[in-house]
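What follows is a short report on a single structure.
Every number here is computed from the coordinates shown, using simple stated rules; none is lab data. It should be emphasised that the depicted structure is a prediction, and the values quoted were computed from it without experimental measurement. Here the Cβ positions follow ideal geometry from the backbone for every residue, glycine too, while neighbour counts run over all protein chains shown.
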Amino acid sequence: MNQANLIILVLFYSRHGATRKLAELIAQGIESVPGCDARLRTVPAISTVTEATAPEVPAEGAPYVELDDLAECDGLALGSPTRFGNMASAMKYFWDGTAAQWLSGALAGKPACVFTSTGSLHGGQETTLLSMMIPLFHHGLMVLGLPYTNPELMTTASGGTPYGASHWSGLDGAKAITEDEKRLAIALGKRLAETAVKLRGA
Ligand SMILES: Cc1cc2nc3c(=O)[nH]c(=O)nc-3n(C[C@H](O)[C@H](O)[C@H](O)COP(=O)(O)O)c2cc1C
C-alpha cells in the first residue's frame, strides 16, 4: 500500500453478507482509481442485553471501525441493510458516538455515498439510503449519488438507484447480485474515489 494514496473508508454493517458483497464491489470501484485505497471497516452488532460485549477484533471479515478512521479518510462509503426502511441500529449507534468528530469537523468537506440491501424489492431501499445521508450531512460530508449517465439505472429490475447502490437479496437472502447492481456499485465507488482525488487537488 502506497502511504501517499488517498484512503476511502467503506464502512458497513452486514448480518448475513448481502451488504458486505456490495461493500466489496464499491471497494473494487474505489481501487480502480489510481492513487486510491479502500479501507473496509464494520461495526459490532448491538444487543438489548447491555452486558453483552463483542470481541475487540471480529472473528472474520473487516475489522471494526475506529474513530480515527473518520479523521484519516479522504472519503466515505456508508452501507447498511434495510431495517424497517431505515439503517440498522448497529450503524446508527456508531454514528451516535461521533459527537467529537462532528464538533471538530473531522469529516467536513469530504465526499460520501451510501449503499443498502433489502429483503423485498419495494421494502425501503430509497428510504434507507436517504436515512443514511442525514448524519452525513450533519457531519458536513458532500453526499454523491449516481447520475443517469449510468445506463443500468434504466435497465435494472432489482437494486441500483440514483441515491446510491443497492441490492435486492430476496426473502431468504439467496439472490445473487445482478449484473446491473454490480455495475452500479462499482460505478459509485469509482465516482466517490474520483471526487476525492479532485477535491484533494483543489
Ligand atoms: C429486523 C429486520 C428488519 C428488516 N426490515 C426490512 C425492510 O423494512 N424491508 C426489506 O425489504 N427488508 C428488510 N429486512 C431484510 C434485510 O434488509 C435483508 O435481508 C438484507 O439484505 C440483509 O442484509 P445483510 O445480508 O447485509 O445482513 C429486515 C431484516 C431484519 C432482520
Taking the alpha-carbon centre of each part, the distance from the stretch 105-132 to the stretch 1-40 in Å is 16 Å
For V114, the residues 5 or more places away or on another chain with a placed amide H closer than 5 Å to its own amide H are L78, A165
Label model pair D69, S104: point-to-point distance (7 angstrom along the Cα→beta-carbon line) in nm is 1.7 nm
Between T155 and N5, Cβ-based FRET efficiency (R0 45 Å, step 0.05) works out to 0.85
In a Gaussian network model of the chain with springs linking alpha carbons closer than 10 Å, the residue among D180, D37, D68 that fluctuates most is D68
Among beta bridges assigned by DSSP with both residues in the stretch 6-201, the antiparallel ones amount in percent, to the nearest 5, to 10 percent
Rounded to the nearest Å, the spacing of the alpha-carbon centers of the stretch 63-89 and the stretch 168-191 is 18 Å
Everything considered on the Cα gyration tensor (a ≥ b ≥ c; rounded for a/c under 1.5, else prolate if a/b is larger than b/c, else oblate), the stretch 10-145 must be described as rounded
Of K175, K110, K92, the most mobile residue in a GNM of the chain (C-alpha springs, cutoff 10 Å) is K175
If I177, I8 are placed from fewest to most neighbouring beta carbons inside 10 Å, the sequence is I177, I8
